[in-house]
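What follows is a set of notes on a single structure, which appears directly below.
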Amino acid sequence: MRSPRSSAVRAAVVAAAVLSAATVLAAPAQAKPAESPETTATGAITMTAYRFQYANVATGKCLDIRGASRYEYGLLQQFNCKEELHQEFWSDTVLGDPSVDLKPAHVSNLCLEPSGLEAGATIVQRVCNYSQGQRWDFGWNGSSATVKNRVSGLCLEDAGMPSGSRREVRQMPCTGAPGQLWSNR
């Protein structure tokens, strides 16, 4: 006869397996398979990560960490799309909060945040501190979205310079113009 404790442990294992399967099945079709972290639990809050590459609708270029920097203050830019980790970003969501932390996939523990609160500020990677300044809201409209910082209220935008293969990304007032629209690749 099984003890009540072993039945409880078995039930917990089955519940965890069911929740893991539900999380995988609920992942958006465009998401690349999660490598790490897939799903982590911190007390009552569950975090789920998806990895995406984001392309600007106007330029067709992908968000990119300049020079594949692995250090704080590495600059976010646009560059010709390639299948490289410094152009892929973990989108960590927290249950009950529609915003995400955007974490460059080529380095751990760095998150995107504006270098300032003003319009025209660049976007850099900083040590993740899970503050609202590192949270981003996606305003989906069909297959593309604006990406708005939770604190500044400004959107990621193609800065229009330089005109070569590398282009700057800055935060600007949200207008929904093509230079502010991003799609998953």
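The values are calculated or read from the model by the stated rules, or taken from the named source; none is laboratory data. Since the structure is predicted, the reported quantities are computational estimates derived from the model, not experimental observations. Cβ sites come from the backbone with ideal geometry, for glycine too, and all protein chains shown count toward neighbours.
Checking the structure you have, find out if any residue of the stretch 70-86 is surrounded by 16 or more Cβ atoms within 10 Å (Cβ to Cβ), of a type in the set (S, T, N, Q), in contact with a Lys or Arg (Cβ under 6 Å, 6 or more places away or on another chain) and assigned to a strand (DSSP E or B). There is at least one residue in the stretch 70-86 that is surrounded by 16 or more Cβ atoms within 10 Å (Cβ to Cβ), of a type in the set (S, T, N, Q), in contact with a Lys or Arg (Cβ under 6 Å, 6 or more places away or on another chain) and assigned to a strand (DSSP E or B). With respect to the stated conditions, L110 is farther than 21 Å from A145 by Cβ, crowded, with 17+ Cβ neighbours inside 10 Å and either modelled with pLDDT of 95 or more or in contact with a Cys (Cβ under 8 Å, 6 or more places away or on another chain) (or both).
Residue-by-condition table, conditions (1) surrounded by 20 or more Cβ atoms within 10 Å (Cβ to Cβ); (2) without any contact (Cβ under 8 Å) to a residue 60 or more places away in the chain; (3) charged (D, E, K, R):
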residue	(1), (2), (3)
F89	yes, yes, no
E118	no, yes, yes
R126	no, yes, yes
G142	no, yes, no
N149	yes, yes, no
R170	yes, yes, yes
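Restricted to the stretch 154-168, and to residues there that are modelled with pLDDT of 95 or more and not acidic (D, E), the residue that is surrounded by the most Cβ atoms within 10 Å (Cβ to Cβ) is L156. Regarding E35, is this residue surrounded by fewer than 12 Cβ atoms within 10 Å (Cβ to Cβ), modelled with pLDDT of 50 or more, charged (D, E, K, R) and assigned to a loop (DSSP other than H, G, I, E, B)? In short, no. When R150 is tested against the conditions (1) out of contact with any Ser or Thr (no Cβ under 6 Å at 6 or more places or on another chain); (2) farther than 17 Å from R66 by Cα, the lone failure is (1).
Taking (1) polar (S, T, N, Q); (2) under 24 Å from G67 (Cα atoms); (3) not in a strand (DSSP E or B) in turn, S183 satisfies each apart from (3).
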